[in-house]
Every structure is written in C-alpha cells, then in structure tokens.
Amino acid sequence: MTAPRSLEAAAAPREAFVLNARTDTYFGGVTGDPFDETVERALRYIEAGADCIFVPGVVEADTIRRLAAAIPAPLNIVAGLANTIDTLTLFSLGVTRVSLGGSLARAALSLVERAGRELLLSGTLGFLDGAISYAELQRRFDQ
C-alpha cells in the first residue's frame, strides 16, 4: 500500500463526518469560570475546523441556553449524565445534538442489578413486567 500524495487526498469529504470537539470544562479542573472557558475553547475549536461543540457535564438549563447562544456552532449535550433534562427541553434551549453516552448502558445495568436483588430477596420475577416477549424478540431478529 502506498501512502497518499497529500493529507487532503487521504481525508474523507467534509460532508462524510462531523468533527465534534469536546471540552470537559464542566467536569472541573478549570481555574476560572467554566462558562467563559467553554466559550473560549469552543471558538478555538470552530476556528480549527470543528463542526459541533460537545460540552458534557452541564447541569443547569439556563447555562445550556447561554452556551447555545454564545457558541456559533451546533451544541452537543449529554442527556442523563450530569442532568436529567429531557431532549425536547434541551432542543428548546438551543441544543442541536443530544448524546446519551453511557446512559443507556447504566439504565440497563441498573435493571440487571434490580433483577438480581429481587431474585435474591424474594425470588419473584416482577422485573420482567413490561419486558419484550421472547417470541417478539426473535421476530425482530428475523426481519
């Protein structure tokens, strides 16, 4: 295999992917105001070619609204990590992209833990209430 003649020749077309620049300013470790630091980093990321700014760890709705207004690029927030703001509200605050990160995995593992505790303590199967039937699951895999 020969190397491409230039980096540009090796790059995917700009429309083929989204460069989502992450800043962890709301997870701590910022010496100043996390809002100001986030906006400053976002502007540098955009200048460097980022398509979207990913800010995990934001808790307050008003802060999310302010970030969306101050950052001149799509804003990506994680739902269920540091906040439990529903997606419709996040979109109404100006968020363009909502990620779940490990939230679905944490929810699934919580169910496994509750099921194990129920089985251990009472031997009942209440954790199966609302679960998809085996036949339906098989049908979905057959499609």
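Values for this structure:
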item: Total charge dipole magnitude, the chain, about the Cα centre, Cβ charges on Lys, Arg, Asp, Glu only, Debye to nearest 20; result: 300
item: The chain: DSSP helices with Cα axial extent of at least 15 Å and average Kyte-Doolittle hydropathy no lower than 0.5; result: 103-121
item: Matching label, log10 I(q)/I(0) by the Debye sum over Cα atoms at q = 0.09 Å⁻¹ computed from the structure shown, candidates [x] -0.48; [y] -0.26; [z] -0.23; result: [x]
item: Net charge, Tyr45 excluded, C-beta distance under 14 Å - Lys, Arg +1, Asp, Glu -1; result: -2
item: With every protein chain in place, segment 89-143: carbon and sulfur % of accessible area (1.4 Å); result: 62
item: Gaussian network model of the chain, springs between alpha carbon atoms under 10 Å - residue of Phe127, Phe27, Phe91 with greatest fluctuation; result: Phe127
item: For the chain, built as a Gaussian network whose Cα springs stay under 10 Å, the top-fluctuating residue of Ala82, Ala73, Ala115; result: Ala115
item: Mean-position separation - Cα centroids, segment 8-73 and segment 113-137, in angstrom; result: 41
item: Nonlocal amide H pairs with Ser99, under 5 Å, H built at 1.01 Å; result: Ile77, Val78, Ala79
item: Area of Ser133 that stays accessible when all protein chains are in place (1.4 Å probe, Å², to 10); result: 60
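The values are calculated or read from the model by the stated rules, or taken from the named source; none is laboratory data. Here the structure is a predicted model, which is why all the values come from computation and not from measurement. Note that each Cβ is placed from the backbone with ideal geometry, even for glycine, and that neighbours are counted across all protein chains shown. In case anyone asks, the SASA skips ligands and DNA or RNA and just uses the protein heavy atoms, side chains included. Shrake-Rupley method; radii C 1.70, N 1.55, O 1.52, S 1.80 Å.
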